[in-house]
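First the structure, in the form of structure tokens, and then the observations on it.
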Amino acid sequence: MTKLSEKLLLLKLKSKDPEVFGQFYDLYAERIHRFIYFKVSSREEAEDLTAETFLKIWEHIFGNKKIDHLNAFTYQVARNLVIDWYRKRAQAKVVTAPEEELVNIPDTRQSVDEKLSIDLDVAAMEKYLRQLKDEYQEVIILRYIDELSVGEIAKILGKSSGAVRVLSHRALTAIKELIKKDE
């Protein structure tokens with residue numbers, strides 16, 4: 001999406017027309033769902049968080065709050081909801097788990113093969129992504145899957161463009177090392 005088309009869409013959204021919001025949803029829903037899915041590993045949770053993302057954006061727009069960059073703002077909302085989801089999940093485990101279970105909380109992630117029934121390249125990429133640190137996962141998803149610019153990613157992550165470039169380079173290096181190990 002070009003900066004001009006993003007600005008036009010933002011101006012249209014400020015008119016609070018539900019039909020324009022529907023167009024915005026159609027444009028972003030798949031990308032936001034994919035971004036969230038790679039972070040939470042559950043289709044159901046990703047769907048819920050995607051819906052919540054658009055609800056928050058709707059409330060923000062109708063609350064006449066300022067949005068400078070629609071693309072970055074949309075990803076920021078999704079990212080913040082994922083962070084909140086992990087916090088709530090961690091708190092629930094601490095509150096409900098007996099002390100002896102806190103030491104060995106099992107990993108609830110399913111294998112890639114169980115989750116994805118699409119092509120093998122995507123499954124392999126997901127496998128490698130899941131082995132990376134969260135910040136590396138984010139930058140790779142945003143840069144190479146969602147094809148956002150370094151500047152947009154910097155706004156989403158709250159980092160400088162230089163820091164995003166360094167993160168991107170380190171993330172790619174880490175993936176290359178994982179691929180070499182499997183060969």
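The values are calculated or read from the model by the stated rules, or taken from the named source; none is laboratory data. If you're wondering where the values come from, they're calculated on a predicted model, not measured in any experiment. Glycine also receives a Cβ, built like all others from the backbone with ideal geometry; neighbour counts cover every protein chain displayed.
Tabulated data
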quantity	calculated
Residue 13 crowded, with 18+ Cβ neighbours inside 10 Å and touching a residue at least 24 places away in the same chain (Cβ under 8 Å)	yes
Test: residue 123 is surrounded by 14 or more Cβ atoms within 10 Å (Cβ to Cβ), modelled with pLDDT under 80 and either among the aliphatic types (A, V, I, L, M) or more than 14 Å from the chain's Cα centre (by Cα) (or both)	yes
Listing of helices (runs of 4 or more DSSP H) fully contained in region 1-118 that carry 2 or more residues being closer than 23 Å to residue 157 by Cα and modelled with pLDDT under 80	3-13
Residue list for region 1-47, restricted to those being out of contact with any helix residue (DSSP H, G or I) (no Cβ under 9 Å at 6 or more places or on another chain) and under 15 Å from residue 81 (Cβ atoms)	44
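Conditions (1) surrounded by fewer than 19 Cβ atoms within 10 Å (Cβ to Cβ); (2) touching a residue at least 40 places away in the same chain (Cβ under 8 Å), marked per residue:
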{"residue": "32", "(1), (2)": "no, yes"}
{"residue": "57", "(1), (2)": "no, no"}
{"residue": "60", "(1), (2)": "yes, no"}
{"residue": "67", "(1), (2)": "yes, yes"}
{"residue": "90", "(1), (2)": "yes, no"}
